[in-house]
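Structure, as structure tokens:
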Amino acid sequence: MTISFDRAANFYDNTRTLSPEVSERLTAEILRLGRATPDTTFFEPGIGTGRVALPIVERGYVYTGVDVSEAMMDKLRQKLEGKAHRLTLINADATALPLEDNSFDVAVAPHILHLIADWQTAMDELRRVLKPSGVFIYFHHPNNKTASRDAIGRQWREILSSYGYASGFTGGVTEDVLGRLREQGAELETVVVAELSRESTVDSLMKAYRDRIYSHMWRVPDDIYHRAMVELEAWVAGEFPDPNQPVTSQDNITITAAYHWPD
Ligand SMILES: C[S@@+](CC[C@H](N)C(=O)[O-])C[C@H]1O[C@@H](n2cnc3c(N)ncnc32)[C@H](O)[C@@H]1O
């Protein structure tokens, strides 16, 4: 099963954006962990709108990205219109890459493996296209299986489970991916890039549920989703009568580099 982000192309950047400071720190850490020189070549499966790739591409690196969503990659193409760059975009599935073995120095996989049911095959493909001396850089936040960072999210999970529906991600989350890398004998280095404290309101969080902006909301069958929303709205009205009440969620961006990842 593949989760294309075609439906999110028009709102992805508005809802998943990183602040310029966090983006700058993230880019610097990727370049440091990837031991980048001007000749370093990068690869990213699920490149999307280039949230992570664009600052690296803009620094002049050779970068190849694949995605199953042409609409997401079009957003990235628009950002680079009229600019010189060395980015190649390919419409392909991360589990079957139309790329040669041993092609890249650094493979970056942010926010992708949790979407792919067969995430192990996607990792094998990443390993295959990475040079033996290459570095694999992984991250995904939230760093948990459930995607619930706040009380409303936890209540949402409970309501869904009362309908017999397990919310959460289809693919591999951080503990799965790092566990597999360790089992395979890779050497890992993990750094915290940023602590994210997000301030929103009850109303804006509820709007995210109504608009189904996150991918874990897309897989819930429509009839269950609508019934669960009625229950969630009622619970929220009781628990948080003021729609402007602030809701804080804590999260961090932790990235891991894998070195000497054996075949
Ligand atoms: C959550 S977005 C992440 C985009 C980017 N890596 C980032 O961090 O902003 C996931 C992207 O992966 C793509 N995707 C999902 N499953 C895929 C697959 N099996 N192969 C390639 N791309 C995939 C989606 O279309 C989407 O653009």
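For the range 75-115, the per residue solvent-accessible surface stands at 50 Å², with DNA, RNA and ligands left out and a 1.4 Å probe. Dipole of the chain computed with +1 at Lys/Arg Cβ and -1 at Asp/Glu Cβ about the Cα centre; of Ile255, Gly65, Ala186, farthest Cα towards the positive end is Gly65. Annotation note: trypsin sites (Lys or Arg not before Pro) in the range 61-157 located in DSSP loop regions with a Cβ neighbour count of at most 11 within 10 Å are Lys83. FRET efficiency for Ser103 and Val192, Cβ-Cβ distance as r, R0 = 25 Å, nearest 0.05? About 0.25, to the nearest 0.05. To put it simply, the accessible area of the chain at a 1.4 Å probe is 48 percent carbon and sulfur.
Can you tell me the dipole magnitude for the range 24-151 around its Cα centre, using point charges on the Cβ only (Lys, Arg +1; Asp, Glu -1), in Debye to the nearest 20?
Magnitude of the dipole: close to 440 debye.
Roughly how tilted is helix 119-129, in degrees to the nearest 10 and between 0 and 90, from the longest Cα axis of the chain? For helix 119-129, the angle is close to 20 degrees. Dipole magnitude for the range 1-73: about 180 debye, using +1 per Lys or Arg Cβ and -1 per Asp or Glu Cβ, origin at the Cα centre. Note on Ala151 and Asn10: with the Förster distance fixed at 30 Å, the Cβ-Cβ geometry gives a FRET efficiency of about 0.55. Sequence-distant contacts, meaning Cα pairs under 8 Å at least 6 residues apart, place the relative contact order of the range 159-263 at 51 percent.
To the nearest ten degrees, helix 151-162 and the longest principal axis of the Cα atoms of the chain are 80 degrees apart. Tell me, which longest segment in the chain has none of the GluC sites (Glu not before Pro) that fall in DSSP loops with at most 12 further Cβ atoms within 10 Å? Counting only loop sites that pass the neighbour cut-off, the longest clear stretch is 101-263.
Principal-axis analysis of the Cα atoms of the chain puts helix 70-80 at an angle of about 60° to the longest axis. Phi angles across the range 253-262 convert, under the Karplus curve 6.51 cos²θ - 1.76 cosθ + 1.60 with θ = phi - 60°, into 3J(HN,Hα) values of 9, 10, 10, 10, 9, 10, 10, 6, 7, x Hz, Gly and Pro given as x.
Accessible area per residue (1.4 Å probe, heavy atoms of protein chains only) ranks His111, His226 as His226, His111, with the largest value leading.
What the Cα atoms of the range 99-215 give is an Rg and a Dmax of 17.1, 49 Å.
The values are calculated or read from the model by the stated rules, or taken from the named source; none is laboratory data. Just so it is clear, the structure is predicted and the values come from calculations on it, not from any experiment. Neighbour counts are summed over all protein chains in view; Cβ atoms, including those assigned to glycine, are modelled from backbone coordinates with ideal geometry. Heavy atoms of the whole protein, side chains included, go into the accessibility calculation; ligands, DNA and RNA do not. Shrake-Rupley method; radii C 1.70, N 1.55, O 1.52, S 1.80 Å.
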